[in-house]
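Written below as structure tokens is the structure these notes are about.
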Amino acid sequence: MSQTDSLVEEVVEKNPQEKHLSDYRPSDYTISTIDLVFDLFDEKTKVQAISQVERVSESVTPLFLFGEALTLTSLLVDGVNFTDYQLVEDGIVINNLPASFKLEINTEIDPVKNQAFEGLYKSGSAFCTQCEAEGFRRITYYLDRPDVLAKFSTKVIADKSLYPFLLSNGNQVDQGDLENGRHFVSWVDPFPKPAYLFALVAGDFDVLEDNFVTKSGRDVKLALFVDKGNLDKTQHAMVSLKKSMKWDEERFNLEYDLDIYMVVAVDFFNMGAMENKGLNIFNSKYVLANPQSATDQDYLGIEAVIGHEYFHNWTGNRITCRDWFQLSLKEGLTVFRDQEFSSDLGSRSVNRIANVMTLRDHQFAEDAGPMSHPIRPESVMEMNNFYTLTVYEKGSEVIRMMHTLLGEEKFQQGMQLYVERFDGQAVTCDDFVAAMQDASGVDLSLFKRWYSQSGTPQVFVTDHYNSDSQTYQLTFKQKTLPTANQKKKLPLHIPVDIELLDVNGNSIELAPGKTNRVLSLTQKEQTFVFEKITTRPVPCLFRGFSAPVKYQYSYTDEQLLDIMSFATDEFSRWDAGQSLFNKYLIQNVKALNAGKEMTVPIIFIDGFKSILVSETLDPSLISDMFTFTSENGARELFDQVDVDAINKVRGFMLNEISTQLHELFVDTYLRHNQLKAYQPDIDDIAKRKLKNLALSFIARVDKELADKYVTEQIASCNNMTDHLGALNAANIGLLPCRATVMQDFDDKWFENGLVMDKWFVLQASMPSDDVLSHIESLFEHRSFDFNNPNRLRSLVGAFAQTNSYRFHNIDGSGYKFLTDQLIKLNSQNPQVASRLITPLIQFNRLDAARIKLMKAELNRLLALPDLAVDLYEKVTKALAQ
Ligand code: TRP
Ligand code: ZN
């Protein structure tokens, strides 16, 4: 007993080590069952874990179990007290064990002290858990690795009046009352699972119940648990869940497997949501919505995340990862599936555009920065640092490319084979690709390089038209620049989906009945020849963004405008508009630096005018066409980034577009401002999106009119989308009404943290040079809570990410501000700190003065005596650049 007491305090690792994919070894021991008993108390929860353990290695080796922040109270082997063990820094080593035995471990943990929100913790008055990636080791000593799959049973004991609901994975098998006002509920999950999928929740909730009959006729009970008083905000999540279950049956032939599916919404959560078997735990942001408190984007986000976690039941839970380096096996695939779900239910092009914006604005920068890694990383210090845009979003692009190369039918055959082969197992990305290849007969051996190579490939395209032979040639050169983690790069297998437009804007048939063709670019340089092309065509490249690359072709303005108007693929039309904007952005930065005048030519204005007045285009797509490259995205266009010039030029161009098209924006605003009852359906969402976009353009140049519209819109609107759209315009234009409408909103919503997050985001993204002093005063705001990750991301995260021009203020104040917050957060919630630090480590291509300031702040972090490994990994990698 006495030797364990000293291990209560958390151990700080001084020089954390990297773990390598190549070091993977199967476990020496397996666990077939684990029976857990939780006796829940705020500061001292008792956990009993009884596991059936088998040795599988040939030789007799000690059993190492991971454990962190645990107090061991007893250890028994086959029911007898056992003392032949050592507690070590990150777990326990148990010696001289038999080949097969029952291991009982009793520990105590402190859920209230746990502000890292990993393991068992309290969110408000409820107990909940978060075990992915390596949080279960904060609950008990265990083989906390994804390739150890056990059947879990869980008995939860707690005070009955405070915690009427006691939930865990699987099916409820028992319940009853105990002494002292306590009660218990027992659960059994029949599906073996790794510990990261374990979940427990205890609390008092409002519950929305429903049911879903699967295609084979099984009746599944659905239950959504939310904080009391929030039942009026649960309907959309439930509808989304049922849509997800239906969609996965229809498109992927995958059916739900338990008798019950539960979702719990909590306010304190580090990420979006978690797919624990049969018991998803969600950030309340991705559950709660009604028209008054949630925007259209919130509605869409809820649908996507509910879908994502549900889809994990097969791609993640039934088939899981062998080790954490394989994370993209479940995440890339599940993101692909949730993107397809959203695209099938809504607009495919609008979804595609949103996903590409995320890649270009954020993932490309990650892949060029100090944390650059392949979608299957090869070395990791802190696993929580690898839940990245690369693993998730680029990972989903890699799945999407396979879908493009195989086609839907063969891709689905590959999925069926994958499920047949690997159900109930912990497998690798190679296993997935092998199933795809075996089922389709398509050779993916070269394609697999996408799993091991980091960095965004660049593709340079040139062409040649020969009118005599009527042949057209497209030549592609691919190149990936060295990245921090990997110097040497190889050619990749890049699918290039193309269309050729003739002089009249009609698409040229490239195969019988086909106007597009998917070229397989596999070499460093490769030429494709097209026969019987009667006039010089305009090439429309990377339709639907068929590969996550940066591509370049010297388009004339006229060619881009042709693609904007005539391409079959709506994504390509949008992308041509982006290219046109980028072309002048680059040109104007040069002009500005040369002391010349900046321009937005009339041909540009006219082209976009015809988009704005279009009666046939989806208003949502029109709105996206006017959502021009962000400042973050713009940095990707330059070898040497001039933060100030990009901000000036972008502002100039947007104002110029506002001025030139002012009447049309007013017309667009008025035309779409006539909706009656709120419906979050695709048509109305599109109209509101375009209307509020028009308002934001008006607010740039006609403050008086915008002020009037904003005030009227707030007075008359019946939904959060329009209320926030008006506030956003007031914020962008710094309109006279801004202070008043912001205060009114605050007075109306200050008790609702999720709604106030939108307000904090606006405050943090205010385009004003004193924004920072403003933000600092908001730390004292009645709705702010430094311990709540959502609040923190809305105020601190939004400033650093979306107000990046001011974050990068050359006086260094933005860097210092962020670092101050990270220092406060470091010991308490390193996971969130490590996500917020992102813009401070991505200084590649910035000017020397800024890099120096950023490095000084990183050194301030490095000097902390207790710097968390999460931050240590990023800080050291950034400083090594
Ligand atoms: N697996 C979760 C998902 O669906 C991600 C996640 C939720 C997570 N909470 C986490 C990852 C905490 C790491 C830590 O994508
Ligand atoms: Zn996921």
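FYI, it's all coordinate maths here, none of it is from the lab. Source: prediction; values computed, not measured. Here the Cβ is made from the backbone with ideal geometry for all residues, glycine too, and neighbour counts use every protein chain on show.
Using only Cα atoms, find the angle between the long axis of helix 848-862 and the longest principal axis of the chain, and express it within 0 to 90 degrees, rounded to the nearest 10.
Rounded to the nearest ten degrees, it is 10.
For 794, 614, what ranking results if the residue with the fewest other Cβ atoms within 10 Å of its Cβ goes first? The partial results should precede the final answer.
Values: 794 25, 614 14.
Listing 794, 614 from fewest to most nearby Cβ atoms yields 614, 794.
What is the sum of charges, Lys and Arg at +1 and Asp and Glu at -1, for the other residues whose Cβ falls under 9 Å from the Cβ of residue 66? Spell out each step's value before the answer.
Numbers: positive: 137, 145; negative: 68, 90, 134, 144.
Computed value for this residue: -2.
What number comes out for the charge environment of residue 102, summing +1 per Lys or Arg and -1 per Asp or Glu over other residues with Cβ under 10 Å away? Numbers along the way, then the final one.
Working: positive: none; negative: 35, 78, 104.
Local charge sum for residue 102: -3.
Under 15 Å from a point 7 Å along the Cα-to-Cβ line of residue 587: which residues of the range 523-567 have their amide N that close?
Residues 554-562 fall inside that zone.
Determine the distance separating the Cα centre of the range 189-253 from the Cα centre of the range 471-517; give it in Å without decimals.
Result: 43 Å between the Cα centres.
Under the classification rounded if a/c is under 1.5, otherwise prolate if a/b is larger than b/c and oblate if not, where does the range 815-881 fall, given a ≥ b ≥ c as square roots of the Cα gyration tensor eigenvalues? Spell out each step's value before the answer.
On the way: a/c = 1.82, a/b = 1.72, b/c = 1.05.
Note, shape of the range 815-881 comes out prolate.
Filter the trypsin sites (Lys or Arg not before Pro) in the range 164-240 to those in DSSP coil with at most 16 other Cβ atoms within 10 Å of their Cβ, and list the result. Let's see the in-between values first.
Details: sites: 182, 215, 218, 221, 228, 233; in loops: 215, 218, 228.
Filter output for the range 164-240: 215, 218, 228.
On the principal axes of its Cα set, how long, how wide and how thick is the chain? Give whole Å, largest value first.
The principal-axis extents, from largest down, are 88, 64, 59 Å.
Pull out a ≥ b ≥ c, the square roots of the eigenvalues of the alpha-carbon gyration tensor of the range 11-72, then state rounded if a/c is under 1.5, prolate if not and a/b is larger than b/c, and oblate in the remaining case.
oblate
Contact order normalised by length for the range 532-686, with contacts defined as Cα pairs under 8 Å and 6 or more residues apart; what percent is it? Can you show the working numbers first?
Values: 103 pairs, mean separation 33.2, N = 155.
After rounding, I find 21 percent.
Work out, step by step, the length gained on full extension between residue 860 and residue 89: first 0.36 nm times the residue separation, then minus their alpha carbon distance; give nm to one decimal. Provide the component values of the computation, followed by the final result.
Working: separation 771, 0.36 × 771 = 277.56 nm, distance 2.67 nm.
The span from residue 860 to residue 89 would gain 274.9 nm if fully extended.
Count the lysine pairs in the range 680-810 that are 8 or more places apart or on different chains: how many have C-alpha atoms under 17 angstrom apart?
Details: 689/758; 691/703; 691/708; 748/758.
For the range 680-810, the number of qualifying lysine pairs is 4.
Helix-only estimate, please: 222 nm mean residue ellipticity of the chain, summing -39500 (n - 2.57) across DSSP H runs of length 4 or more and dividing by its residues, to the nearest 500. Working shown, then result.
Numbers: 30 runs with 345 residues, N = 881.
Result for the chain: -12000 deg cm²/dmol, rounded to the nearest 500.
Which residues does a label at residue 734 reach in the range 773-805, if reach means a backbone N under 14 Å from a point 7 Å past the Cα toward the Cβ?
Under cut-off, by backbone N: 773-774.
Under 1.5 on a/c is rounded, so check that first for the range 261-331, then, if it is not, pick prolate when a/b is larger than b/c and oblate when it is not; a ≥ b ≥ c are the square roots of the alpha carbon gyration tensor eigenvalues. Numbers along the way, then the final one.
Details: a/c = 2.29, a/b = 2.12, b/c = 1.08.
Because a/c hits 1.5 or more and a/b exceeds b/c, the range 261-331 counts as prolate.
Based on alpha-carbon centroids, what's the gap between the range 306-374 and the range 671-693 in Å, whole number please?
If we compute the Cα centre of each part, the gap is 28 Å.
For the range 525-622, what relative contact order do you get, as a whole percent, if you take Cα pairs closer than 8 Å and at least 6 residues apart? Kindly include the intermediate steps, with their values, before the conclusion.
On the way: 51 pairs, mean separation 19.4, N = 98.
Rounded, it is 20 percent for the range 525-622.
Determine the relative contact order of the chain: mean sequence separation of Cα pairs under 8 Å and six or more apart, normalised by residue count, in whole percent.
Numbers: 1674 pairs, mean separation 73.3, N = 881.
Over the chain, the number comes to 8 percent.
I'd like the distance separating the alpha-carbon centroids of the range 628-669 and the range 380-411, in whole Å.
Between the Cα centres of the range 628-669 and the range 380-411 lies a distance of 31 Å.
Between residue 213 and residue 486, what is 0.36 nm times their sequence separation minus the Cα-Cα distance? Round to one decimal in nm. Numbers along the way, then the final one.
Numbers: separation 273, 0.36 × 273 = 98.28 nm, distance 4.98 nm.
My answer for the length gained is 93.3 nm.
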